[in-house]
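The values are calculated or read from the model by the stated rules, or taken from the named source; none is laboratory data. Treat the numbers as computed from the prediction; the structure is a model and nothing was measured. Please note: Cβ atoms are built from the backbone with ideal geometry, for glycine as well, and neighbour counts cover all protein chains shown. For the accessible areas, the whole protein counts, side chains as well, though only heavy atoms, and no ligand, DNA or RNA atoms are used. Shrake-Rupley method; radii C 1.70, N 1.55, O 1.52, S 1.80 Å.
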Amino acid sequence: CRSDLFDPEDRRHRYPFTHCSACGPRASVLRALPYDRERTTLDAFPPCAACRREYGDADDRRFHAQTLACPACGPGLAAHLPDGRAPNGDAVEAAAECLAAGGIVALKGYGGFHLACDATRREAVDRLRKRKGRPTKPFALLVPDLATARELAHLGPEDEHWLAGPARAVVVAPRRDAGCRALGVAREVAPASGDLGVLLPVAPLHWLLLYGPGARPGVDAPRFRVLVFTSANLSDEPTLHDDTEARARLAGIAGIADLVVGHDRAVARPSDDPVLRSDAGAPIPLRLSRATTPLALTLPQGARDSEPVLALGGDLKAAPALLGRGEVLLGEHVGDLASVEAADALEARAEALCRLLELRPARVAHDRHPGYVGTELAAHLAERWGASPVAVQHHHAHAAACLVEHGRSGPALALVLDGAGWGDDDTLWGGELLRVTLRDAVRLAHLEALPMPGGDAAVREPWRMAFAWLRRAFPDDDAPRLPWHARRAHGLATLARAMERGVASPLTSSCGRLFDAVASLLDRGDSAGHEGAAAMALEALAQTTDATLQLGDETAAGSPGVIPAADLVRDLVVARADGAGPAQLARGFHTALAARLAAAAAGAAQETGLREIALSGGCFQNRLLAAELTARLQDAGLRVLRHRRLPPNDGGLAVGQTVVAALRC
């Protein structure tokens, strides 16, 4: 198909909807099963005589290609300027000219709109950040081939499979600074990360944009070797996929895009790009959507006869799942439920899953947090369908998802490390050692809990958690002075009084907030431009060195059921004040925390006789922590279960919720 696209003699020359039976959109155009043209959005484009001949020819590669089309009968592109006018000439060339001039272009792909700009132009990247309201979160890069991707990032064979294979995923891998400099990639693309996200062309439109008229991929040089390529939806909003809405929101009111290139092939199931992070052995999924969902997992034996169960996940990285007929199906990533539009999108995608499998749920599972949007939405859907709402504890759902992924039922141990989840004692958990089955979970131990000053404000401002950990590590207020203290000279006394009185200071055992605190103390983030920003910066700092400093005593023990960490913070602060390098301390913190967690797990294994342990939660997106901890657990004789098909973050939460809800009732 790519050859046809660039062949001047082919009737599909430069036609951006060139597909065969082995490529093109699938789930994004599917309205119902089975997968036939009349149940896709291509039913609006009756094939011409030439396409009908190809469709019926068993020797043609377009035999029974449901998305088959050509310029005579298929969809077409349409470009619009901010004032609503169409630019002169070809839409693709108008987009290329806009990018070359430093502009921002919105492009409609298989599952929705992306925003693109020239990644070598700092002013263009800065402009995109300001217009999109995304101050620090890394952007992905669209590159024409694997050779360019290899120049920019360290890629393993599995990474390249996900990049160049059918999924065409964004792969986040350690950046090659020399390659970035050689290609002129602006540092503003990923300002505080040691990684880069790279993506190869997904749709014919991307090939046409990267290569000019007359160019041939693999023979001629592309006109663009690296473009920023990011979803066009604004923060906390679902995937933007409707052309009229895109023109209004991107080129009209918001003024984000200088040109909008859409098309008249409707998107039935909106989807973002899947994202995986390079890791030893195999990449870790961070987000599943286009080409990777719906994802079907076979249920362990004891859960296969359940009535249908729908689950909504959490309020962050929400994605629905549906259990029935012996498997559980994970739907497309929706995102954070911080807007009415996002909640509506989650409801729509949950209903679409039920229609796809023609199942009516008997139960609707949701997170136990009473204030979550998903909790209210679950009650609404349960009432509509005459189903029972079922609350599932956050960390039990994480652990159950990992067990299901590996076809296990438990009992097993689980370490679940994340930002926060509502615990059984109505505090915010996040550093949990559990004994789990698919039916129930028992908390064996947890990171020591301490106040979270300001509640949710502490997520946005990591310096608050740094203050809380300093008070815990130095109860006599005798901490040596750091640059941190100079930055936070005012307001600490007021914050201390609020913590002492329990005002807006809920208790948390969160591992994610501990990482935030250490990042702030090492000058890597007093405020977070996006979720996990400080922890990502701390990991990036740690990966700049192999040298480490020992923190804490590996044999140290806290109160029964408590995994201590204050001594690690104390040693880190003292060493920093004595002149130790921040990179060595960041590395030492990762090593010391992994040792502390592994020791707790090994002790629990000895007491319970369990030899399997599931690792789940957003902190396991950190490849350094995951590697250190996995090695220590294996040295202790434990079989480690890690996520490889589901995201360790809340994107896989709904899978665990469905199974727990199915077996509990």
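At 0.36 nm per residue, minus the direct Cα-Cα distance, what do residue 348 and residue 530 gain on full extension? Give it in nm, one decimal, please.
Between residue 348 and residue 530, full extension yields an extra 62.9 nm.
Which part of segment 309-342 falls in the paramagnetic zone of residue 665, meaning amide N under 18 Å from the point 7 Å along Cα-to-beta-carbon?
Once the point is set 7 Å along Cα→Cβ of residue 665, 309-314, 320-329 turn out to lie under 18 Å by backbone N, inside segment 309-342.
Quick one: 3J(HN,Hα) in Hz for segment 117-124, Karplus 6.51/-1.76/1.60 with θ = phi - 60°, rounded, Gly and Pro as x.
Per-residue couplings from phi come out as 8, 6, 6, 8, 10, 4, 5, 5 Hz.
What is the magnitude of the charge dipole of the chain about its Cα centre, with +1 placed on the Cβ of each Lys and Arg, -1 on the Cβ of each Asp and Glu, and no other charges, expressed in debye to the nearest 20?
About 460 debye.
Each residue of segment 169-183 in turn: what ³J(HN,Hα) in whole Hz from Karplus with 6.51, -1.76, 1.60 and θ = phi - 60°, glycine and Pro shown as x?
Along segment 169-183, the couplings run 7, 6, 10, 9, 9, x, 6, 9, 4, 5, x, 5, 5, 4, 8 Hz.
For residue 64, what accessible surface area do you get with a 1.4 Å probe? Give it in Å², rounded to 10.
For residue 64, solvent-accessible area is about 100 Å².
Using a Förster radius of 22 Å, what is the FRET efficiency between residue 130 and residue 460 based on their Cβ-Cβ separation? Nearest 0.05, please.
0.70
Using a 1.4 Å probe, how large is the accessible area of residue 211, given in Å² and rounded to the nearest 10?
Estimated to the nearest 10 Å², residue 211 gives 10 Å².
In whole Å, what is the distance between the alpha-carbon centres of segment 473-534 and segment 1-77?
So the two Cα centres are separated by 57 Å.
Normalise the Cα radius of gyration of segment 227-331 by 2.2 N^0.38 Å (N = residues in it) and let me know the number.
Working: Rg = 17.7 Å, N = 105, 2.2 N^0.38 = 12.9 Å.
Normalised Cα radius of gyration, segment 227-331: 1.37.
With a Förster radius of 60 Å, plug the Cβ-Cβ distance of residue 448 and residue 122 into 1/(1 + (r/R0)^6) and report the FRET value to the nearest 0.05.
0.85
Quick one: Debye curve from the C-alpha atoms of segment 415-519, no solvent, what's log10 I(q)/I(0) at q = 0.10, 0.17, 0.19, 0.24 Å⁻¹?
Log10 I(q)/I(0), no solvent term: -0.30, -0.77, -0.93, -1.34.
Looking at 232, 452, 512, which one has the Cα that reaches farthest to the positive end of the dipole of the chain (charges on Cβ: Lys, Arg +1; Asp, Glu -1)?
Projecting each Cα onto the dipole axis, the largest value belongs to 232.
Using only the Cα atoms of segment 31-75, build the gyration tensor, take square roots of its eigenvalues as a ≥ b ≥ c, and label the shape rounded, prolate or oblate: rounded if a/c is under 1.5, else prolate if a/b is larger than b/c, else oblate. Don't jump to the answer; show the numbers that get you there.
Details: a/c = 2.62, a/b = 1.24, b/c = 2.11.
Note, shape of segment 31-75 comes out oblate.
Quickly work out the residue 635-to-residue 544 label distance, labels modelled 7 Å from Cα along the C-beta direction, and quote it in nm with one decimal.
2.7
Which number comes out as Rg/Rh for segment 452-603 once both Rg and the Kirkwood Rh are worked out on C-alpha atoms?
0.94
Quick check: from the Cα gyration tensor, does segment 3-116 come out rounded (a/c under 1.5), prolate or oblate?
Prolate.
Normalized C-alpha radius of gyration of segment 464-531, against 2.2 N^0.38 Å?
Relative to the 2.2 N^0.38 Å estimate, segment 464-531 comes out at 1.09.
How much length is gained if the chain between residue 164 and residue 339 is pulled fully straight, taking 0.36 nm per residue apart and subtracting their Cα-Cα distance, in nm to one decimal?
Full-extension gain reported as 59.6 nm.
Each residue of segment 397-411 in turn: what ³J(HN,Hα) in whole Hz from Karplus with 6.51, -1.76, 1.60 and θ = phi - 60°, glycine and Pro shown as x?
Karplus-based 3J(HN,Hα) across segment 397-411 equals 4, 4, 5, 5, 4, 5, 4, 4, 4, 9, x, 10, 10, x, x Hz.
Could you tell me the extents of segment 76-179's C-alpha atoms along the three principal axes, largest first, rounded to whole Å?
Over segment 76-179, Cα extents along the principal axes are 46, 31, 21 Å.
Taking every pair of distinct Cα atoms and averaging 1/r, then inverting, what Kirkwood hydrodynamic radius in Å comes out for the chain?
Roughly 26.0 Å, rounded to one decimal.
Please compute the Cα-Cα pair-distance distribution of segment 124-214 with 5 Å bins starting at 0, giving whole percents from short to long.
Pairs per bin, as whole percents: 3, 14, 23, 22, 21, 14, 4, 0.
How far, in nm, would the chain grow between residue 2 and residue 494 when pulled straight, counting 0.36 nm per residue and subtracting the alpha carbon separation? Numbers along the way, then the final one.
On the way: separation 492, 0.36 × 492 = 177.12 nm, distance 6.37 nm.
This chain segment gains 170.7 nm when fully extended.
Can you tell me the mean projection area, over all orientations, of the convex hull of segment 194-242's alpha carbons? Units nm², please. Don't jump to the answer; show the numbers that get you there.
Values: hull surface 21.3 nm².
Average projection, Cα convex hull of segment 194-242: 5.3 nm².
Just by accessible area at a 1.4 angstrom probe, what is the order of 23, 73, 665 from largest to smallest?
665, 23, 73
Please list 476, 177, 159 from largest to smallest accessible area, probe radius 1.4 Å, with all protein chains kept in place. Let's see the in-between values first.
Details: 476 125, 177 75, 159 5 Å².
Final ranking, largest accessible area leading: 476, 177, 159.
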